[in-house]
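See structure below.
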């Protein structure tokens, strides 16, 4: 695992340590924590990709194309309509979060 410092130690309460070991089936707490974090990031990426896919299916285009068409006024709907603006902001947030989690994964995992 990239980004690990072998000189550092993970300090957690005995209760949390026991739970981490049981949940991950890994007795080493640092490795157990890395496993939990790695799986969490993978789950977040999958969740966000699903959300983005739902928008792509709804609008039949990528976010980049959607944003360009909203800006140029070539979208089939009023870009200032509540539904369009709401989808734009939610979709943009999803794309931003996806990039964030993918960067974390590339940097640390």
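Rule-based calculations on the coordinates, nothing more; no lab input. Keep in mind the model is a prediction, meaning the values are calculated, not measured. Positions of Cβ are generated from backbone atoms using ideal geometry, with glycine treated the same way; all protein chains shown enter the neighbour counts.
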Note to self: For segment 57-96, give me each residue that is surrounded by fewer than 13 Cβ atoms within 10 Å (Cβ to Cβ) and outside any helix (DSSP H, G or I).
What the structure shows: 60, 73, 74, 76, 77, 78, 80, 81
Note to self: When you check residue 54 against the structure, is it within 24 Å of the chain's Cα centre (by Cα), exposed (fewer than 12 other Cβ atoms within 10 Å of the Cβ) and not in a loop (DSSP other than H, G, I, E, B), yes or no?
What the structure shows: no
Next item on the list: Scan segment 38-55 for residues that are touching a residue at least 40 places away in the same chain (Cβ under 8 Å) and out of contact with any helix residue (DSSP H, G or I) (no Cβ under 7 Å at 6 or more places or on another chain) and jot them down.
Entry: 38, 42
Check: Between a first residue in segment 73-101 that is under 15 Å from residue 52 (Cβ atoms) and a second residue that is in a loop (DSSP other than H, G, I, E, B), which pairs have beta carbons less than 9 Å apart while being 6 or more apart in sequence or on different chains?
Finding: 88/79
